[in-house]
Amino acid sequence: MKVELTRSQYDAYEEELKSYKDIDRKIKRRREEISTNAEQDERVGSPSGIISRQPESLAIKYSEDRELCSYYNFKKNVDELQETLPQIHRDIFELRWLNDYEWTDMIKSCNLPKVSLYNLSKASIYNKRKYILNAYARISGRL
């Protein structure tokens with residue numbers, strides 16, 4: 001039995017995927033926040049002879065941080081999605097979620113890189129959108 005996503009689910013997944021292009025920056029920023037806090041928390045000893053236990057605890061702090069783990073999980077899911085998509089779907093993914101093309105721009109323009117090579121109709125582009133979002137929902141364990 002094929003489960004169909006609702007329109008609001010499609011829209012939510014679409015918004016979620018928009019954040020993928022910034023995921024590496026978010027991971028880096030969160031790791032810096034954790035390591036900065038770890039430096040302040042993990043100092044022991046007298047003011048003149050501070051000893052840092054940061055190397056031992058930093059890896060644990062990274063692995064226990066829910067926000068950082070969710071970023072890594074999201075990145076893993078989207079990377080897996082891109083690997084499993086057929087080439088035309090990967091091209092559409094790249095234009096939409098990495099280069100910020102709007103769906104209407106993809107439909108209107110014949111001069112878009114990659115997509116124009118496929119001569120896609122409006123219905124075809126929206127069907128490919130559904131395919132991509134369904135695949136993402138499956139990979140992320142929500143379908």
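The numbers here are math on the coordinates, done by the rules we state, and not lab data. Here the structure is a predicted model, which is why all the values come from computation and not from measurement. Ideal geometry is used to build each Cβ from the backbone, glycine not excepted, and the neighbour counts take in all protein chains shown.
In order along the range 85-101, the phi-based Karplus estimate (6.51 cos²θ - 1.76 cosθ + 1.60, θ = phi - 60°) of 3J(HN,Hα) comes to 6, x, 4, 4, 5, 5, 4, 5, 4, 4, 5, 6, 9, 9, 10, 6, 6 Hz; Gly and Pro are listed as x. Give, as a single signed number, the net charge of other residues whose beta carbon lies under 11 Å from the beta carbon of residue 123, with Lys and Arg counted +1 and Asp and Glu -1. Once positives and negatives cancel, what remains is +4. When the pairs 76/122; 75/122; 28/61; 21/61; 21/75; 28/128 are compared against a 21 Å limit on Cα-Cα distance, 76/122; 75/122; 21/61; 28/128 fall above it. In this structure, residue 90 and residue 124 have a Cβ-Cβ separation that, at R0 = 22 Å, corresponds to a calculated FRET efficiency of about 0.90. Taking θ as phi - 60° and the Karplus parameters 6.51, -1.76 and 1.60, the scalar couplings of the range 127-143 work out to 5, 5, 4, 4, 4, 4, 5, 5, 5, 5, 4, 5, 5, 7, x, 10, 9 Hz in sequence order, x denoting glycine and proline.
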